[in-house]
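Okay, structure first, notes after.
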Amino acid sequence: MEHPIYKRNSREVKKLPDKARTEAWIENIFSWLFSIEESYADYNFFLKKEAELQSELTAILNNILTDPENIKAKVKTFFDAVIAIHSQLEADLETLFRFDPATKSRDEVLVAYPGFFAIAIYRLAHQLWKNNVPVLPRLISEYVHSKTGIDIHPGAEIGARFFIDHGTGIVIGETSVIGNDVKIYQGVTLGALTVSKEKAESKRHPTIQNNVIIYANATVLGGDTIIGENSVIGGNVWITHSIPKQSLVYHKSEIIIKNKLPFPEPLNFVI
């Protein structure tokens with residue numbers, strides 16, 4: 001009698017991207033976009049690197065798609081979009097310099113800032129997502145998640161000059177819509193109110209309008225929830241309803257400070 005695991009898996013045709021190859025391609029395209037590790041000797045050298053990245057993406061897509069012409073078209077569409085994506089990322093990078101006083105140099109950001117890396121790879125994965133490439137965009141986003149602690153679904157829509165500070169623990173769901181000039185701090189969740197397979201095609205995650213700041217550990221839930229433009233969402237708040245524009249939302253807690261000197265000595269006892 002066949003083992004049930006073998007019986008199930010041997011009947012399935014595996015169409016999955018090579019995980020290690022994909023992760024190496026991600027690192028290489030990030031380096032190519034910003035000339036990390038090696039400078040461009042000349043324009044021909046730059047084009048040679050681009051051709052290598054195109055060839056590698058083609059090989060990765062060969063594992064998950066069957067039509068060579070479809071693969072060729074998707075690779076072309078992706079690299080045609082790279083110039084616009086790079087311009088977006090330069091604006092994201094400039095925003096980081098303007099608002100993070102700890103930033104010392106461009107090179108420091110490129111090699112040591114997980115927030116910028118997460119934004120850069122999200123924008124690349126989002127292009128593949130828009131082009132209906134199966135599985136690969138999610139694999140890319142999960143690699144970034146494991147490396148940075150920032151989980152951005154490639155289906156999310158994120159506008160210009162996006163800023164992530166620190167970043168650890170950020171979750172941005174699939175149907176989130178984020179406008180321009182939005183700043184998000186560590187631990188922020190843009191999530192769904194309910195988890196139901198029946199609602200997979202509906203908008204489940206919030207909309208964040210232009211020029212909003214969301215501070216650490218805030219949670220914003222629901223597809224109908226809209227955070228109005230120019231609002232500030234304070235740390236640790238929990239939001240499930242829309243917030244008007246120009247709002248300040250904060251969590252009020254009480255901190256009590258007492259002199260501990262007169263506090264009685266603890267009793268000695270044995271359990």
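Every number here is computed from the coordinates shown, using simple stated rules; none is lab data. Computed from a prediction, not measured in an experiment: that's the story for all the values here. As a convention, Cβ positions derive from the backbone with ideal geometry for all residues, glycine included, and neighbour counts pool all protein chains shown.
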Give me the distance in nm between label points sitting 7 Å out from Cα along the Cα-to-Cβ direction at residue 52 and residue 73, one decimal.
3.0
Note down the nm distance, to one decimal, between modelled labels 7 Å out along Cα→Cβ at residue 202 and at residue 42.
6.1
Per DSSP H run of at least 4 residues, take -39500 (n - 2.57); add these up for the chain, divide by its residues and hand me the 222 nm value, nearest 500 deg cm²/dmol.
-13500 deg cm²/dmol
For segment 156-248, what relative contact order do you get, as a whole percent, if you take Cα pairs closer than 8 Å and at least 6 residues apart?
23
Students often check this: by mean Cβ neighbours within 10 Å, which of 68-74, 22-28 ranks highest, and how do the rest follow?
22-28, 68-74
List every DSSP H helix in the chain whose Cα atoms extend 30 Å or more along the helix's own long axis and whose mean Kyte-Doolittle hydropathy is at least -1.0.
68-99
Residues in segment 122-143 that a label on residue 19 would reach, taking backbone N under 11 Å of a point 7 Å out along Cα→Cβ:
143
With the 8 Å Cα cutoff and a minimum separation of six or more residues, the chain has a relative contact order in percent of 10
Determine the gain in length on full extension of the stretch residue 130-residue 142; use 0.36 nm per residue of separation and subtract their C-alpha separation, reporting nm with one decimal.
2.6 nm
Pairs 49/130; 48/147; 104/147; 74/130; 72/147: which exceed 19 Å Cα-Cα?
49/130; 48/147; 104/147; 72/147
Treating only Lys and Arg (+1) and Asp and Glu (-1) as charged, each at its beta carbon, one finds that segment 183-255 has a dipole about its Cα centre, in Debye to the nearest 20, of 80
Which order, highest average first, do 100-109, 57-66, 148-157, 236-245 follow once you tally other Cβ atoms within 10 Å for each residue and take the mean per peptide?
148-157, 57-66, 236-245, 100-109
